Each structure stands twice: as C-alpha cells, then as structure tokens.
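Colleague: Let me begin by handing over the structure; questions about it come next.
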Amino acid sequence: MKLFDGGRAPNPRRVRVFLAEKGLTVPLVPVDMGALEHRGEEVAQRNPLRRLPVLELDDGTIITESIAICRYFEELHPEPALFGKGALGKAKVEMWQRRLELNLMVSVAAAFRHIHPAMKEWEVPQIPEWGEANKPKAIEFLRLFDKELAEREFAAGDAYSVADITGMIAIDFMKPARIKVPEECTNVLRWYGALTSRPSAKA
C-alpha cells in the first residue's frame, strides 16, 4: 500500500490529518505539485484526472478522492470514529462535511485558483472575476457557521470528525487565497484554534 501525496495541497493534507487522528502510518510517495509532477504519467496512469491524493493498495487497486480514501480507512479502523456513530451521528457528520466542503473549501479554492498568479497554468481559463466573487461567499458561510458553533464544540456535534478536518484545512487555505476570518466570528476562531492545537494538524 502506498499513498501518492501532494504536500501542503488541501486534499492530500486532509488524508494525512485523518490518518494521524487514526494513528495510522501509510508509506508516502511525494509528488511535487509545484513542479506539476501530478500531471505526469506516474499519477496519470493511476488517476486519469491527474489529481492527488491517490491510494494504491497492495493488489494494485486504486482509490482516489480524499474523502473516499478516508472512508476506506474508517472501515478498516473504525476507532476513533471520524465519520460519526449511529444513524444520526453519521448523518450529521456527512451533512457538515458536505457543507464545509461545498460552501467554504470550494469557494476558497475558487478564489485562490482564479486570482493567484501562480495558478495561471493550473486553472485554464483563469477568471479573476469568479475568484473575487467567491470571497464573500466564503465569508457569508463562516458567519452562518459561527452561529452553529455557539452551541457545540465541533462542526457536527460533541466529537471531532472528518468535517472538522475539512473545515480546518479550508481555513488554512484562506491565507494564500487572501481571505480573513471576520473578527466577530469568535466561535469559528475558538474552534479553529482548538483544531490547530491538535498534533494531527501538523501532518
């Protein structure tokens, strides 16, 4: 088994943080995304979308997409449960994982990929207006999320989950996208501070 990893890129990092929370070690194959190595044949023959991460199992089976890879390891190692427990717990984690991914991470990624000069070869065509349009979308969601966090410690309830991983990494990604968490979002800042203090955040 080996994991083709893209360093500080958000999706590869989601898997590494997840594995760290599980206490699992998987051999990594570093891929330099800055040098566009993920577009090379080593990745392309495993994932025609030429994206990371890519998990290759011992028998050659390939799993792509960060959340799919995390789910695979959750099934093999169910504790600690990072996708929730019971029907309601799992549904809440899924709900907030999707909300944080689609309303925060995707908006932040659009802002970064369509505005940052370094992304010109990645995002074709690069549309700066679309990038700028996504900045207020991210802020609007954070204000909504802040109200939710007034009632609980973590994104989906009282337990840390994959939804928290997605949210933390999305906020980390805001820095290169030049978006700031509003100062009035004190619950988001409290939550984010707690997440980044966990050892797994350094994965």
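The values are calculated or read from the model by the stated rules, or taken from the named source; none is laboratory data. All values reported here derive from a predicted model rather than from experimental measurement. Cβ atoms come from the backbone with ideal geometry, glycine included; neighbour counts cover every protein chain shown. Side chains are part of the model used for accessible areas, which takes the heavy atoms of the whole protein and leaves out ligands, DNA and RNA. Shrake-Rupley method; radii C 1.70, N 1.55, O 1.52, S 1.80 Å.
Colleague: Place a +1 charge on the Cβ of each Lys and Arg in the range 2-76 and a -1 charge on the Cβ of each Asp and Glu, then give the dipole magnitude about the Cα centre in debye, rounded to the nearest 20.
Modeller: Dipole about the Cα centre, nearest 20: 340 debye.
Colleague: Are there trypsin sites (Lys or Arg not before Pro) in the range 101-203 that DSSP marks as loop and that have at most 14 other Cβ atoms within 10 Å, and which are they? Could you put the intermediate results ahead of the total?
Modeller: Values: sites: R113, K120, K137, R143, K147, R152, R178, K180, R190, K202; in loops: K120, R152, R178, K180.
Answer in residue order: K120, R152, R178, K180.
Colleague: DSSP beta bridges in the chain, what fraction antiparallel, as a percent rounded to 5? Can you show the working numbers first?
Modeller: On the way: 7 of 10 bridges.
Of the beta bridges lying entirely in the chain, close to 70 percent run antiparallel.
Colleague: In addition: For E132 and D158 in one chain, what is 0.36 nm times their gap in residues minus the Cα-Cα distance, to one decimal in nm? Display every interim value, and only then the final one.
Modeller: Working: separation 26, 0.36 × 26 = 9.36 nm, distance 3.45 nm.
Computed gain between E132 and D158 is 5.9 nm.
Colleague: Which entries in K22/K120; K2/K90; K22/K180; K92/K175; K2/K22; K22/K85 show an alpha-carbon gap greater than 26 Å?
Modeller: Numbers: K22/K120 36 Å; K2/K90 28 Å; K22/K180 30 Å; K92/K175 28 Å; K2/K22 17 Å; K22/K85 15 Å.
Those over the limit are K22/K120; K2/K90; K22/K180; K92/K175.
Colleague: Which residues in the range 125-146 place their backbone N less than 15 Å from a point set 7 Å from the Cα of E184 along the Cα-to-Cβ direction?
Modeller: 139-146
Colleague: Find, among the GluC sites (Glu not before Pro) in the range 136-174, those assigned to loop by DSSP (not H, G, I, E, B) with at most 16 other beta-carbon atoms within 10 angstrom.
Modeller: Of the GluC sites (Glu not before Pro), the ones in loops of the range 136-174 whose Cβ has at most 16 other Cβ atoms within 10 Å are E151, E153.
Colleague: Over the chain, with the other protein chains present, what is the accessible area per residue in square angstrom, probe 1.4 angstrom?
Modeller: Per residue, the chain has an accessible area of 52 Å².
Colleague: What FRET efficiency would be calculated for the residue pair R198, L49, taking the C-beta separation as r and a Förster radius of 30 Å, to the nearest 0.05?
Modeller: Working from the Cβ atoms, E equals 0.45.
Colleague: Nothing charged except the Cβ atoms of Lys and Arg (+1) and of Asp and Glu (-1): what's the magnitude of the dipole of the range 1-139 about its Cα centre? Round to the nearest 20 debye.
Modeller: 560 debye
Colleague: Probe radius 1.4 Å, ligands and nucleic acids ignored: give me the carbon and sulfur share of the accessible area of the range 87-202 as a rounded percent. Walk me through the numbers on the way to the answer.
Modeller: On the way: 3510 of 6170 Å².
So the carbon and sulfur contribution to the accessible surface is 57 percent.
Colleague: Show I169, I115 ordered by accessible area, largest first, where the area counts protein heavy atoms only and the probe is 1.4 Å.
Modeller: I115, I169
Colleague: Turning to a different aspect of this structure: What net charge do the residues around V108 carry, taking every other residue with its C-beta under 12 Å from that of V108, with Lys and Arg at +1 and Asp and Glu at -1?
Modeller: Charge balance in the 12 Å sphere: +4.
Colleague: Taking the structure as given and computing Cα extents along the principal axes in Å, which label from [x] 46, 43, 27; [y] 77, 41, 28; [z] 58, 51, 32 fits?
Modeller: [x]
Colleague: For the chain, list the DSSP H helices whose alpha carbon atoms reach 20 Å or more along the long axis and whose average Kyte-Doolittle value is -0.5 or above?
Modeller: Length and hydropathy pass: 162-177.
Colleague: Here's something else I'd like to know. Alpha carbon centre of the range 178-203 versus the range 119-146: separation in Å?
Modeller: Rounded to whole Å, the Cα centres lie 19 Å apart.
Colleague: OK, next. Compute the projected area of the convex hull of the Cα atoms of the range 2-76, averaged over all viewing directions, and report it in nm² to one decimal place.
Modeller: Averaged projected hull area, Cα only: 4.6 nm².
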